[in-house]
Amino acid sequence: MSSSHNPAVTTAATTAQHKQLSQTERLVIGLSVLCLCGALVLRILAARDYLWLDELHTAWTVSGGPGDVYGRAVDGNQTPLFFYLCFAVVTVFGCAPETLRAMSVAGGALLLVLLPVVVYRVTRCAMAVFVVSLFLMLDYESVFYASEARPYGMLQWLGGLQAVCFFRWITRVCNEHHQHTSAGAGWLTVSMMSAALIATHITGAWLLVAEAVFVLCFCAVRREAMRAELWKCLLLFLVLSSPVALTVAIAWQRRDNWSSISDIESVMIRFAWSFGGMVVVPLLALMIDRFAFPARKSSPRGEGTVTNAMLGFVGLWAAVPTLMVVGLDWFEIAPLALGRYVLVGSIAFPLFAVLAVTRLSSGGLRWLTLVLVTGILVWNATAWLSPPFSPFSDWRNENWSDTVTTIARGDPAYPVLLAANLVEDVAADGDRSPRFQDYLKFPVLGVVPGLKNPVVGLNSQGTLFGDRESAAVDAAGGGWLIVRDLPENVPWIMEQVHSNPGAQNWQFDLARFASPDPNYVLLFRISRR
């Protein structure tokens with residue numbers, strides 16, 4: 001029999017032809033690699049900024065011994081996994097902004113590999129890889145949180161990895177062709193990764209909620225009960241995640257603290273742009289494609305690979321985090337409407353767009369949709385992507401390093417009056433417990449752990465120089481006042497300080513630093529007139 005009639009040879013030839021990329025596809029893949037390199041460069045550049053307030057909590061958490069990490073993380077309403085990893089890095093390489101941010105940069109770099117690889121394996125579409133690579137380079141929050149010493153960048157990568165593992169496992173478990181076979185250790189892997197997700201940050205739970213909704217819908221459509229492996233996965237997850245309960249309980253008691261920074265409008269505007277541009281537009285294209293070209297088959301790249309179940313899962317992954325935080329805030333359960341609290345769902349938006357596009361049978365409609373999605377990504381980036389890139393955000397216009405170094409060079413007996421504008425410092429006067437008072441000091445102790453000056457945490461919304469503070473400065477013969485605020489508010493700050501008659505004997509001189517400009521850490525040297 002000739003080779004032209006041999007099915008095995010024909011299949012091999014077809015497979016080899018399928019693996020070969022056209023010149024256009026090679027060009028698009030090359031552009032994708034350039035975008036990913038640009039994304040990595042942006043993350044590295046952003047990681048050179050000054051450590052700002054929230055990152056100093058990480059510095060303080062890992063500055064003690066291993067026994068201090070858990071308690072200090074919980075005091076900051078954080079789960080401990082990210083901080084233990086940071087502690088290991090700092091122990092080996094020393095404490096510096098680069099080492100404190102190393103885990104986030106690593107998570108961001110891993111995401112740059114994970115998402116394009118997953119997209120190409122599913123779609124075999126070079127343009128799909130380009131779109132997600134462009135997103136990873138242009139999305140402000142993905143770059144920002146992958147370059148700072150907080151757990152959100154690691155959460156974004158780990159959430160993506162967990163979602164991929166979950167979907168592969170759940171479709172294998174629920175597939176009728178596998179109902180009498182074992183899915184291996186998939187349930188064990190998924191339960192461990194799910195526990196690691198919320199051990200990185202509590203808001204990783206939003207992805208787990210989306211997955212639970214997907215499982216319930218899947219079972220309802222199939223009209224069958226949950227399989228035994230699902231129950232085993234759930235029970236093991238509950239056991240592994242039980243240590244997180246303490247963090248949840250403490251954060252729940254403090255939930256009112258976030259009311260001053262929760263912003264439903266901002267979260268919804270961001271969600272509307274992402275959901276409208278990367279979910280609604282592709283869905284409309286799919287509807288037009290089905291009605292306008294009913295006789296055509298779906299794109300061979302997406303047919304059989306990108307299923308309705310996959311699109312439904314990714315859509316839930318994109319929508320549920322925002323719906324959760326907005327719903328909790330709207331119904332006055334917990335004011336959690338913050339952009340970083342929905343980051344676990346951010347990469348689902350471009351993922352949904354490219355998966356949906358690969359199912360379009362019309363080439364013209366496919367290209368039009370890709371151009372629209374790309375245009376939205378570029379338009380969103382124009383608000384922030386312009387040189388110079390440092391500091392990357394106004395939040396990082398905080399020179400705590402020079403501030404604390406200046407204090408350390410002076411008299412160690414001088415008290416440091418600290419009004420850091422923490423959401424928790426409203427309780428500075430009422431809660432005099434040593435543990436809480438130590439927590440209020442982390443902005444300066446995180447920079448120089450060995451600072452010998454006594455530190456007094458102040459209520460940033462209250463009296464900045466009361467009788468207690470006046471007595472402490474008077475006893476030492478001088479002191480320092482740190483206020484985290486805008487430089488243009490200095491006259492108002494001095495007005496508040498001099499409202500206490502005890503301040504009339506003291507002179508408050510504002511220290512000047514070369515950078516950044518403006519600097520939101522205001523240091524006043526207190527000396528006798």
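The values are calculated or read from the model by the stated rules, or taken from the named source; none is laboratory data. All values derive from a computational prediction rather than experimental measurement. Positions of Cβ are backbone-derived with ideal geometry, glycine not excepted, and every protein chain shown enters the neighbour counts.
Per-structure values
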{"read-out": "Test: residue in the stretch 459-468 that is among the β-branched types (Val, Ile, Thr), outside any loop (DSSP other than H, G, I, E, B) and crowded, with 16+ Cβ neighbours inside 10 Å", "value": "no"}
{"read-out": "From the options Ala319, Ala285, Ala292, Ala353, residue that is assigned by TED's automatic domain parsing to the domain that holds Thr374, surrounded by 15 or more Cβ atoms within 10 Å (Cβ to Cβ), more than 24 Å from the chain's Cα centre (by Cα) and more than 21 Å from Arg150 (Cβ to Cβ)", "value": "Ala285"}
{"read-out": "Residues within the stretch 418-458 that are among the hydrophobic types (A, V, I, L, M, F, W, C) and either more than 17 Å from Ser63 (Cβ to Cβ) or in a helix (DSSP H, G or I) (or both), tallied", "value": "13"}
{"read-out": "Candidates Val447, Val455, filtered to the one that is under 27 Å from the mean Cα position of the chain (by Cα), surrounded by 19 or more Cβ atoms within 10 Å (Cβ to Cβ) and among the β-branched types (Val, Ile, Thr)", "value": "Val447"}
{"read-out": "In the stretch 469-490, residue surrounded by the fewest Cβ atoms within 10 Å (Cβ to Cβ) [restricted to those that are of a type in the set (A, V, I, L, M) and assigned to a helix (DSSP H, G or I)]", "value": "Ala475"}
{"read-out": "Scan of the stretch 206-232 for residues that are closer than 23 Å to Val244 by Cα and touching a residue at least 12 places away in the same chain (Cβ under 8 Å), ordered by number", "value": "Trp206, Leu207, Leu208, Val209, Ala210, Glu211, Val213, Leu230, Lys232"}
{"read-out": "Residues located in the stretch 345-374, provided they are more than 10 Å from Val279 (Cα to Cα) and among the aromatic types (Phe, Trp, Tyr)", "value": "Trp367"}
{"read-out": "Single residue of the stretch 394-430 satisfying the filter (of a type in the set (Phe, Trp, Tyr) and farther than 12 Å from Leu522 by Cα) that is surrounded by the fewest Cβ atoms within 10 Å (Cβ to Cβ)", "value": "Trp395"}
{"read-out": "Restricting the stretch 223-277 to residues that are under 19 Å from the mean Cα position of the chain (by Cα) and among the aromatic types (Phe, Trp, Tyr), the residue that is surrounded by the most Cβ atoms within 10 Å (Cβ to Cβ)", "value": "Phe271"}
{"read-out": "Sole exception among (1) modelled with pLDDT of 90 or more; (2) of a type in the set (A, V, I, L, M, F, W, C); (3) over 30 Å from Gly446 (Cβ atoms) for Leu21, by number", "value": "(1)"}
{"read-out": "Any hit, the stretch 362-372, residues being in a helix (DSSP H, G or I), touching a Gly at 6+ places or on another chain (Cβ under 8 Å) and either within 29 Å of Leu42 (Cα to Cα) or among the hydrophobic types (A, V, I, L, M, F, W, C) (or both)", "value": "yes"}
{"read-out": "Test for Leu464: is it modelled with pLDDT under 95 and within 20 Å of Tyr414 (Cα to Cα)", "value": "yes"}
